[in-house]
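Below is one structure, written out as structure tokens, with a few remarks after it.
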Amino acid sequence: MVEVRRCTRCILPDIYPSITFNEHGVCNFCLEAAEEKDTPSGKSKAELDRVIETYKGRSDKYDVIVGLSGGKDSSYVAYYLKREYGLKIVGFHYDIGYSSPYAIQNLQNLVKKLDIDLFSVRPRGSFLRRLFAHFLRERGEFCSVCNNLGYLYGASFSRRQGHLLGFSPLMVGGWSKQYEYQPGISVTSMQYFFENLTPALLEELKAQPFIEEKIISRYMAVKDPRQAGIDTSEHEKLGEYAMDFIQLPDYIEWDIKEIPRVLSEKLGWQHPPDVHESHFDCTLFPIKEYLKFKKYGLTQETIKNSRLIREGLMTREEAMERMVLEHTTEPVIFESFIHELGLSMDEVNWKAEWSR
Ligand SMILES: [Zn+2]
């Protein structure tokens, strides 16, 4: 591998857009982060108590909806809400058929040990494959399909449950603390998804039996429905079609090292031995990372871990060690996945399109 120049504080490489280094080799992102006073969401546990109290009792069946994947963040949300509040939880699982065996086992342990109802929905394979193929061909990525489809399913489910308070797995541990959003290589908005659909795919989306058509048309009219938590103006604009969700890490301490330990002790939660604790829940994740590496020369893990270093949640040494686990060579499943979608390698859009 060619040696790349990296920031001496985080691990961002010199190919990252608009990166500059000072005389000590520290990047502008690290310097800016050091200047900015850490601005947490300003929300507290007391506020969480209040929000939960407000929503509790909307339905006699359940108190809250928790999106579950079997990964660490969503599992911890369910565990925490049960332990702290003894809430009646309905789990919502958006299942595309590519969950890892570990994630499936974790999910089974969790619903059993916490004694919660689980609702699982899987879009039909042919529709998913057409979407994946389309986005790979046009944009060289396919994760935006699930990020948005899963959200639309979740919003429809939430509406059917009478607007219970929801905890969204997409955001959990993620955007609220911004670990999972990687400026430059992340696709962020739902509008990107809508805008890139062909008219035929949009029609097919609207015809999905589990997604309310009205939700789609309303969501097409706001900037980013996926960020429309209960206290945002977007949420208000969406009216009765908004999903009433919050992001737990905004309200409590989110110790990313402690969480997997607690989960394994209390729920028998596990992650694969050869992979670290993030993102193993989807078996397609290595493909996502490989595509990013081929296109941009760095993975989302590099950007995320750089942020964790700045926030004091990871040392640079740990981040460098974890780089060995990054998916920088072609994953074994890649070819069969491409084949399954009816694509050839040449049809994938390999062009880098930095988003910012
Ligand atoms: Zn840096």
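Here are the numbers:
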read-out: Candidate set: the range 89-130, residues that are in a helix (DSSP H, G or I) and without any contact (Cβ under 8 Å) to a residue 12 or more places away in the chain; chosen: the one surrounded by the fewest Cβ atoms within 10 Å (Cβ to Cβ); value: Ser126
read-out: Some residue of the range 56-78 being within 16 Å of the ligand (Cβ to nearest atom), at pLDDT 90 or above and either over 30 Å from Leu298 (Cβ atoms) or part of a strand (DSSP E or B) (or both); value: no
read-out: Selection count where residues are near the ligand (Cβ under 10 Å from one of its atoms), among the charged types (D, E, K, R) and at pLDDT 90 or above, scope the range 4-39; value: 2
read-out: Failed item, numbered, when Pro273 is tested on (1) of a type outside the set (S, T, N, Q); (2) farther than 24 Å from His134 by Cα; (3) surrounded by 20 or more Cβ atoms within 10 Å (Cβ to Cβ); value: (3)
read-out: Selection within the range 131-143 - outside any helix (DSSP H, G or I) and buried (at least 19 other Cβ atoms within 10 Å of the Cβ); value: Glu141, Phe142
read-out: One residue from Lys43, Lys88 being at pLDDT below 90, away from the ligand (no atom under 16 Å from the Cβ) and of a type outside the set (Val, Ile, Thr); value: Lys43
read-out: Residues (within 18 Å of His279 (Cβ to Cβ), of a type in the set (A, V, I, L, M, F, W, C) and not in a helix (DSSP H, G or I)) located in the range 238-261; value: Trp254, Ile256
read-out: Any hit, the range 300-311, residues being at negative phi, polar (S, T, N, Q) and not in a helix (DSSP H, G or I); value: no
read-out: From Glu317, Glu311, residue being surrounded by fewer than 18 Cβ atoms within 10 Å (Cβ to Cβ) and either small (Gly, Ala, Ser) or over 23 Å from the mean Cα position of the chain (by Cα) (or both); value: Glu317
read-out: Residues being part of a loop (DSSP other than H, G, I, E, B) and either surrounded by 17 or more Cβ atoms within 10 Å (Cβ to Cβ) or within 21 Å of the chain's Cα centre (by Cα) (or both) - total across the range 332-356; value: 7
read-out: Criterion: surrounded by 21 or more Cβ atoms within 10 Å (Cβ to Cβ) and under 25 Å from Glu258 (Cβ atoms) - qualifying residue of Val51, Val66; value: Val66
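The values are calculated or read from the model by the stated rules, or taken from the named source; none is laboratory data. Small disclaimer: the values here were computed from a predicted structure and weren't measured. Note: ideal-geometry Cβ built from the backbone for every residue, glycine included; neighbour counts use all protein chains shown.
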